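Colleague: Can you keep this structure in mind? I'll have questions shortly.
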Amino acid sequence: MLFSPKPFRQLLPLLMGGTLLAACQSDPPTTEREAVNKEAVVKTDADTAKTAAEPADTMGLPAGSVPTIGSPKLLFTLDDAHNTPDGLALAPNGHLILSVPNLADNSQPASLMEIDGNTLKPYATNLPVEPTTQKAAPMDLAFGPDGNLYYAENQYENSKDFKSRLMRVEVKNGKPGAITTVADGFALANAVLWKGNTLYVTDSQWDLPDNDKGSAILKFSLAELGKGTVHLKPKTKDPHVLAMFSTTVNETGVDNGADGLDYDSQGNLYTGSFGDGKLYRVSLKPDGSLAKQETLTLSGKQIPCVDGLIIDRATDKIYLCNSRENAIEVVDLRNGNKVTTLAQNPDTDGAGGKLDQPAEVLLKGKRLYISDFDHPVKHFANTKSDAPHTMSVIDLP
Ligand SMILES: [Ca+2]
Ligand SMILES: [Ca+2]
Ligand SMILES: [Ca+2]
């Protein structure tokens with residue numbers, strides 16, 4: 001361990017060396033860094049043997065079934081302390097904020113990072129842990145009309161007992177300040193989307209007593225989030241639930257549902273299901289309540305899995321991560337929902353910017369930023385989490 005009077009003062013060792021800075025703590029941990037440092041993480045021989053005997057997946061997708069399409073480029077290589085990049089948000093100053101939940105190896109604390117042009121630096125490194133899991137797990141994130149940054153937490157891999165939260169990072173002059181819980185009781189909070197003064201959040205595991213394949217879009221008003229923590233009522237159609245979905249589980253065994261989330265030029269919401277790839281359009285009444293939800297019929301290629309997505313409202317094209325097939329797909333909402341594959345790679349480690357299980361996309365100008373999540377489940381093109389940990393970009397024509 002290295003000790004430093006100013007944590008993360010030096011970026012290069014953080015990004016290149018993977019060293020963790022320890023804090024001397026005698027009180028119970030309140031941040032994940034403290035919790036991790038207290039845990040004295042030791043990898044035993046038994047752990048190593050288990051990993052060797054049980055790879056993430058020995059099946060993958062059939063050899064030769066995954067083509068190479070397009071040529072995504074490498075944006076960043078992250079160190080082992082940042083092993084699972086995920087959510088992306090565009091900040092008011094034009095920088096991007098990246099969440100790093102470290103789900104592939106969460107012995108490393110989660111954090112938020114800042115992308116400024118071609119540099120990547122720490123943004124918020126001391127995220128508050130959920131009290132019972134002692135983990136922070138930031139997923140998607142978005143800046144609100146109040147200038148603050150909101151991120152969803154995925155505690156589902158730590159606890160199935162609705163421990164996930166919606167967090168607010170107070171931002172002043174572009175710098176992060178206090179981080180507080182604005183809503184709790186999610187199962188697997190995932191995507192975060194602001195549209196006007198309304199915040200929409202997908203919960204990929206919003207199960208009901210009679211449906212354990214449930215997921216949902218929930219909504220919150222800015223005014224409500226300023227009045228203290230909202231406590232959702234798990235396993236109910238809580239008043240914050242805007243729309244519910246049900247996953248048809250396939251051979252992957254994954255029942256995660258609503259995942260990525262954005263809206264088109266007409267204000268309709270779109271989300272996609274991680275477990276079965278269905279794409280949904282949710283239209284709203286003028287008062288913001290649900291008018292209709294429908295499953296899109298796609299033309300051309302069918303998509304088996306939808307992770308993060310973004311809509312270019314100038315063209316109404318959806319750019320989405322087909323996590324399972326290691327691809328970025330484009331769905332043209334103005335042309336019969338025609339699907340074309342923008343980029344795809346067979347199983348890779350991500351070197352050189354090749355796709356390594358893309359989870360999130362963000363479009364800024366003509367540049368599509370891609371987080372390579374690299375944390376597979378069975379029957380995915382990506383068969384294992386591996387270094388290098390990467391971000392890719394595609395410059396659109
Ligand atoms: Ca479920
Ligand atoms: Ca990798
Ligand atoms: Ca990989």
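Colleague: Could you pull out the pairs from Lys195/Lys292; Lys233/Lys364; Lys172/Lys233; Lys292/Lys338; Lys237/Lys301 whose alpha carbons sit more than 26 Å apart here?
Modeller: Lys233/Lys364; Lys172/Lys233; Lys237/Lys301
Colleague: May I ask for the net charge around Tyr263, where only other residues with Cβ less than 13 Å from the Cβ of Tyr263 are counted and Lys, Arg are +1 while Asp, Glu are -1?
Modeller: Here the charged neighbours net out to 0.
Colleague: Continuing with this model, one more query. Short version: ³J(HN,Hα) in whole Hz for each residue of region 104-115, in order, from phi by Karplus 6.51 cos²θ - 1.76 cosθ + 1.60 (θ = phi - 60°), x for Gly and Pro, what are they?
Modeller: Calculated HN-Hα couplings, in order: 6, 8, 8, 6, 8, x, 5, 7, 10, 10, 10, 9 Hz.
Colleague: Could you tally the net charge around Gly300, taking each other residue with its Cβ under 10 Å from the Cβ of Gly300, Lys/Arg +1 and Asp/Glu -1?
Modeller: Details: positive: Lys301, Lys338; negative: Glu329, Asp332.
Computed value for this residue: 0.
Colleague: Still on this structure, please answer the following. Using θ = phi - 60° and the Karplus form 6.51 cos²θ - 1.76 cosθ + 1.60, what ³J(HN,Hα) does each residue of region 315-325 get, whole Hz, x for Gly and Pro?
Modeller: Per residue, the Karplus-derived 3J(HN,Hα) values read 10, 6, 9, 8, 9, 9, 8, 8, 4, 5, 9 Hz.
Colleague: Let me check against my output: what whole-number percent is the relative contact order of the chain, with C-alpha pairs under 8 Å and at least 6 apart?
Modeller: Contact order relative to length: 15 percent.
Colleague: Any chance you could check the Cα centroid distance between region 339-372 and region 176-199 for me, in angstrom?
Modeller: What the calculation gives is 25 Å, centre to centre.
Colleague: Let me ask something else about it. Could you derive backbone 3J(HN,Hα) for region 330-339 from the dihedral phi with the Karplus parameters 6.51, -1.76 and 1.60 (θ = phi - 60°), listing whole Hz in sequence and x where the residue is Gly or Pro?
Modeller: Going residue by residue, I get 10, 10, 8, 5, 9, 9, x, 6, 5, 9 Hz, with x marking Gly and Pro.
Colleague: Can you check what the net charge comes to around Asn322, using other residues whose Cβ is under 12 Å from the Cβ of Asn322 (Lys, Arg +1; Asp, Glu -1)? Let's see the in-between values first.
Modeller: Values: positive: Lys301, Arg324; negative: Asp259, Asp307, Glu325, Glu329.
In short, -2.
Since every read-out is calculated from the coordinates, none of them should be taken as a lab result. Values in this document were obtained by computation on a predicted structure and should not be read as measured data. Reconstructed Cβ throughout: ideal geometry from the backbone, glycine too, with neighbour counts over all protein chains shown.
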